[in-house]
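The next block holds one structure in the form of structure tokens; read it before the comments.
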Amino acid sequence: MTQDSRLKTKNIQNVLILGSGVMGSQIAAHCINAGLRVKLLDLKSDDPKRPNKTAEESIQKLTKMNPAPLGDPAWAERIKPGNFEDHLEWVADADWVCEVIVERMDIKKDMMAKLEKVRKPGTIVSSNTSGLPISQISEDVSDEFKSHFLGTHFFNPPRYMKLLEIIPTKSTDDAVTEYMTRFCEKILGKGTVLCKDTPNFIANRIGVFSMAAMMPWFFDGKFRAEEIDFLTGTLTGYSKAATFRTADMAGLDVINHVSENLYPAIPDDERREVFKLPEAFKKMVENGAHGNKTGHGFYKKVKGKKGNEYHVVDPGSLKYEKQIDVSFESAGKAKKEYKTPGERLKFLVNQDDKAGKFLWEIHCDLLLYSANRIPEIAESVEAIDRAMQWGFNWELGPFQRWDAIGVEESVKRMEKEGRTVPDSVKKMLESGRKSFYKNDGSVYNLATGNVDQLTPPAKGALTAASLKRNGKEVWGNKSAGLYDMGDGVALFEFRTKQQTLGFELVKSVDKAAEIVKEQFDAMVIGHDHENFSYGANLGEAGHALQNGDFEMIKDAVESFQRVAVGLRYQPFPVIGAVSGRCFGGGVEFMMHCDKVVAHHEFYCGLVELGVGLIPAGGGTKELLLRAMENVKEDEDADPLPYLKDAFKTIGMAKVSDGAPKAKKLGYLRDTDMIVMHRDLLLSTAKQQVRAMAEAGYRPPAEPKIKLLGQTGKSVLDVTVYIMTEAKWASPYDKVLAGKVAEIMTGGDLSEAQEVPESYVLKLEREAILECFKDERSHKRMEHMLKTGKPLRN
């Protein structure tokens, strides 16, 4: 279609959400996170004093939800409530209207008729239905309205689930589809997948089929629920929540509703009968076992002697019983001998035991069903894989699983067992291609028989993997790599396990900096991994302590601090591209970059006290410096509250629950940038650092920091006392917090004075070396390495 000349898709700012239920209110919250102006309508209340009560109460609930839908609970007041009866004219001022009302076709069509009367030409309208035909919802409106109407199916919870299915109709203007795809990617941070207007679109069609195909294995008594979840969890590339825990999260009533709606809507589906769920499952739903929202589904949380534990339903009696310790000999061997879920899956489906037979059977179901849905529900294997990765949190989508198992050998086995393999798959094998995906970035198209290039996860996305694939590596070793991003910008990548900052990686920063000085104008620190960094490598430090090599510890402390703080004084601009979890030394690296580009879902903290240390890579100094800079901005401000806040952030090991909170805690500055889409992190960082280089970047001079001496120390001592009395701090926490207080107030300084940054850095080094000599710190480090949990000694 050609672009409508009246298309008003320049820049969505004003969003109107219709329906303030669980999904509607959370979509509104996420739009607020993205910086949009949002109004939220629902039914008019019977209370004459509070006509907007329904929407108001939904907004209030947002502040108490866990996980939090809002980047900052205070932002709830930014959502303007209203009701359908009095405020539907607000549609006229909206750039995008998102309908999230009850899942009934007659009610949705009635709403569209009302919108038609107040909507301005060019305004985009979408429906968040999870399964109703999009074209039917809009069939009675004008052609102009139809051309601006499409489906936008968010997944719950909208802030955290990456997938957004975009469903245009035959009447939707191509320009509207393209604009909304890019808007939802860049502004809302969603992984968008284009779907056809078919029942339940992509993710729910494949995901519910996968669950439904496994249910007989449980309800027929062949496997326990926890056994199926063990085999269909991270072991074989599904999500951490596996199968039945995912069902409990989604809601068993919802899964039942989806299946019942699907069955009559797919008369030609070769596996239609799978969606007739077992009678025992239906009985669970009738009995109110709806999953997490009712407290019981396949699992039930009960109070045990050692705290809460989860019991599991018995498929015969539908009563709950204790879980067993799940063990399959083949699975144990797979975990021991194979690193990746793909390797473990290939091994397991070829085992002639109970676990192997189960995994083979359910994968035959899944792989053949997924292949048969192309081109019915999607045009590519890539769309189905991404929908399952982003919407169900699977590590491997169906066709990535098939590649891992081996397409050629599995097809032979399937046909030998009498299964019907789609001609499209056999045609690929006949062409000489043995896998759907290849390392050269190509993917086989089952719909056309062509080999296509894999599309980026978002338009303009840049990845370390693509740079490596295209031969852009400039230098590298086991711990780190340096790539040419183009336009004079280098990318420094962490390659260590959990992106920990060990001795070799710290040395690698020096090496990379020398190369950047000679060959580039700027540097980005970032990578493709989910989490930026888990901090310094405790294992290396522990090994040195065991060997009594304190000189090595001292050298490591000095090197780490010099390199981390030195990022700020390089003769070229450095930007940190950060996401996921970032702790300890990772935060210190980030805080000394000239600028940070952070993904909205960024969870960071200076948590060193938990392992018996203090932040000594410039972290204590930097948080203090930022606190004192806030005081400078307000000449009449009392510096003590700012000092206390910075101290408590370290002393209580505060971790941000998102980038907005990281700004509040001082880990990020107001000048740092937050992006909504994880896959646009590196490309955005590259743009930002390129602009800094072109503006004539010069490194800053060493700052002076105001220390408050004994006055400040007295205040912090009182704070430590309160923390200890309230049981927030253990006896050794008190000792460590005292060391942080000394650094932040100047050690021996009797009165307030300004000192150079290097003075505070020296105090950091002295304090952490004292920690390394203390047996209590050794115990904390040892405990963390063994259990992954902090010791409160």
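The values are calculated or read from the model by the stated rules, or taken from the named source; none is laboratory data. The shown structure was predicted, so the numbers you read here are calculated from the model rather than taken from an experiment. Here the Cβ is made from the backbone with ideal geometry for all residues, glycine too, and neighbour counts use every protein chain on show. Quick note on the areas: whole protein, heavy atoms, side chains included, nothing else; ligands and nucleic acids left out. Shrake-Rupley method; radii C 1.70, N 1.55, O 1.52, S 1.80 Å.
The residues of the stretch 122-152 that are touching a residue at least 40 places away in the same chain (Cβ under 8 Å), open to solvent by 10 Å² or more (accessible area, probe 1.4 Å) and either touching a Pro at 6+ places or on another chain (Cβ under 9 Å) or not in a helix (DSSP H, G or I) (or both), listed by number, are Asn128, Ser130, Gly131, Pro133, Glu144.
Please indicate, with yes or no, whether at least one residue in the stretch 698-711 is small (Gly, Ala, Ser), surrounded by fewer than 17 Cβ atoms within 10 Å (Cβ to Cβ) and under 30 Å from Val740 (Cα atoms).
Yes; the residues of the stretch 698-711 include at least one that is small (Gly, Ala, Ser), surrounded by fewer than 17 Cβ atoms within 10 Å (Cβ to Cβ) and under 30 Å from Val740 (Cα atoms).
Does Ala247 fit the bill of being open to solvent by less than 10 Å² (accessible area, probe 1.4 Å), touching a strand residue (DSSP E or B) at 6+ places or on another chain (Cβ under 9 Å), under 21 Å from Gly391 (Cβ atoms) and not in a loop (DSSP other than H, G, I, E, B)? For Ala247, the condition - open to solvent by less than 10 Å² (accessible area, probe 1.4 Å), touching a strand residue (DSSP E or B) at 6+ places or on another chain (Cβ under 9 Å), under 21 Å from Gly391 (Cβ atoms) and not in a loop (DSSP other than H, G, I, E, B) - is met. Within the stretch 275-317, being among the charged types (D, E, K, R), modelled with pLDDT under 95 and surrounded by fewer than 12 Cβ atoms within 10 Å (Cβ to Cβ) holds for Lys303, Lys305, Lys306. When we screen Ala741, Ala767 for residues that are modelled with pLDDT of 90 or more, within 19 Å of Gly610 (Cβ to Cβ) and over 35 Å from the mean Cα position of the chain (by Cα), the only hit is Ala767. Of everything in the stretch 17-39 that's touching a Leu at 6+ places or on another chain (Cβ under 9 Å) and more than 13 Å from Pro69 (Cα to Cα), which residue is most open to solvent (accessible area, probe 1.4 Å)? Once the filter is applied, the top-ranked residue is Lys39.
Residues satisfying the criterion are absent from the stretch 618-625 (criterion: in contact with a Leu (Cβ under 8 Å, 6 or more places away or on another chain) and modelled with pLDDT under 95). With respect to the conditions (1) under 28 Å from the mean Cα position of the chain (by Cα); (2) within 30 Å of Lys170 (Cβ to Cβ); (3) not in a strand (DSSP E or B), Leu70 lacks only one, and its number is (2).
In the stretch 256-279 there is no residue matching the filter, namely being part of a helix (DSSP H, G or I), within 28 Å of the chain's Cα centre (by Cα) and charged (D, E, K, R).
When Gly82 is evaluated against the numbered criteria (1) open to solvent by 20 Å² or more (accessible area, probe 1.4 Å); (2) part of a strand (DSSP E or B); (3) not aliphatic (A, V, I, L, M), which criterion, by number, is the only one it fails? It fails just one condition, (1). Taking only the stretch 549-565 into account, find how many residues are over 23 Å from Asp594 (Cβ atoms) and open to solvent by less than 10 Å² (accessible area, probe 1.4 Å). So the answer is 1. Checking each residue in the stretch 477-528 for being crowded, with 16+ Cβ neighbours inside 10 Å and of a type in the set (Gly, Ala, Ser) picks out Ser479, Ala480, Gly481, Gly488, Ala490, Gly502, Ser508, Ala512, Ala513, Ala522, Gly526.
Within the stretch 501-526, the residues that satisfy the criterion of being within 25 Å of Val557 (Cβ to Cβ) and in contact (Cβ under 8 Å) with a residue 60 or more places away in the chain are Leu501, Met523, Ile525.
Take the stretch 155-182 and flag every residue that is open to solvent by 10 Å² or more (accessible area, probe 1.4 Å) and either in a loop (DSSP other than H, G, I, E, B) or closer than 30 Å to Asp657 by Cβ (or both). Steps first, answer last, please.
Going residue by residue through the stretch 155-182, those that are open to solvent by 10 Å² or more (accessible area, probe 1.4 Å) are 155-157, 159-162, 168-171, 174-175, 177-179, 181-182.
Answer for the stretch 155-182, where residues must be open to solvent by 10 Å² or more (accessible area, probe 1.4 Å) and either in a loop (DSSP other than H, G, I, E, B) or closer than 30 Å to Asp657 by Cβ (or both): Phe155, Asn156, Pro157, Arg159, Tyr160, Met161, Lys162, Thr169, Lys170, Ser171, Thr181, Arg182.
Check whether at least one residue in the stretch 67-87 is at negative phi, at pLDDT below 95 and either touching a strand residue (DSSP E or B) at 6+ places or on another chain (Cβ under 9 Å) or not small (Gly, Ala, Ser) (or both), and report yes or no. The answer is yes; a qualifying residue exists.
Among residues that are within 38 Å of the chain's Cα centre (by Cα), more than 25 Å from Val563 (Cα to Cα) and in a loop (DSSP other than H, G, I, E, B), Lys734 is not included.
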